[in-house]
1. Looking only at the range 91-99, decide whether some residue is modelled with pLDDT under 95, surrounded by 12 or more Cβ atoms within 10 Å (Cβ to Cβ), charged (D, E, K, R) and outside any helix (DSSP H, G or I).
2. List every residue pair whose Cβ atoms sit under 6 Å apart, with the two residues 6 or more apart in sequence or on different chains, where the first one lies in the range 67-82 and is surrounded by 13 or more Cβ atoms within 10 Å (Cβ to Cβ) and the second, anywhere, is part of a strand (DSSP E or B) and β-branched (Val, Ile, Thr).
3. Could we say that Val128 is touching a residue at least 12 places away in the same chain (Cβ under 8 Å) and buried (at least 18 other Cβ atoms within 10 Å of the Cβ) here?
4. Among the residues of the range 100-132 satisfying the criterion of being among the hydroxyl-bearing types (Ser, Thr, Tyr) and not in a helix (DSSP H, G or I), which is nearest to the chain's Cα centre (by Cα)?
5. Among the candidates Phe96, Phe87, Phe64, Phe91, single out the residue that is out of contact with any strand residue (DSSP E or B) (no Cβ under 7 Å at 6 or more places or on another chain) and either touching a residue at least 60 places away in the same chain (Cβ under 8 Å) or within 25 Å of Leu24 (Cβ to Cβ) (or both).
Amino acid sequence: MNSALVFSKSNHSIGHQDKDDGLLHLDEISNLRLDASLVVLSACATGEGKVTRTEGVLALTRGFYLAGASNVVYSLWNIPDHLTCEFMLSFYRSYFSGKTYSAALREVKMNMISKPETSLPYIWAGIVLLGR
């Protein structure tokens with residue numbers, strides 16, 4: 001429940017008491033009303049959260065999904081930045097070439113598996129899709 005996206009504060013909030021603490025927490029995300037076909041959380045371990053017996057994993061991903069995002073791409077563990085960058089650029093290229101989100105994700109993973117320098121699962125297996 002302490003996970004949050006960090007934003008810089010706007011200049012107009014300096015010196016004013018308001019709710020803008022620069023953090024967007026899970027409960028705030030869940031209360032958003034989104035009409036987004038895709039939310040991408042490519043930072044490290046954005047799928048981590050508290051595991052509960054009744055609700056499953058409470059993480060940022062769940063917040064975006066409950067807020068109305070049809071699909072959420074996220075990472076399950078820490079992946080080096082340069083590899084995540086390569087992965088995400090390839091994902092977007094594949095998607096914008098006409099593939100579905102899941103087909104684009106699969107294509108990137110298959111391409112990474114085929115190269116010795118990116119074939120280890122810790123590089124590609126941790127980026128997953130939650131979708132409708």
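The values are calculated or read from the model by the stated rules, or taken from the named source; none is laboratory data. All figures in this text were calculated on a predicted structure; none of them were measured in a lab. So basically every Cβ, Gly included, is an ideal-geometry build from the backbone, and we count neighbours across all protein chains shown.
1. Taking the range 91-99 and keeping what is modelled with pLDDT under 95, we get none.
No; the residues of the range 91-99 include none that is modelled with pLDDT under 95, surrounded by 12 or more Cβ atoms within 10 Å (Cβ to Cβ), charged (D, E, K, R) and outside any helix (DSSP H, G or I).
2. Pairs found: Ala69/Val39; Val72/Val39; Val73/Val40; Ser75/Ile127.
3. Against the criterion (touching a residue at least 12 places away in the same chain (Cβ under 8 Å) and buried (at least 18 other Cβ atoms within 10 Å of the Cβ)), Val128 does not qualify.
4. Applying the filter and picking the extreme gives Thr100.
5. On the way: Phe96 fails: either touching a residue at least 60 places away in the same chain (Cβ under 8 Å) or within 25 Å of Leu24 (Cβ to Cβ) (or both); Phe87 fails: out of contact with any strand residue (DSSP E or B) (no Cβ under 7 Å at 6 or more places or on another chain); Phe64 fails: out of contact with any strand residue (DSSP E or B) (no Cβ under 7 Å at 6 or more places or on another chain).
Exactly one residue qualifies, and that residue is Phe91.
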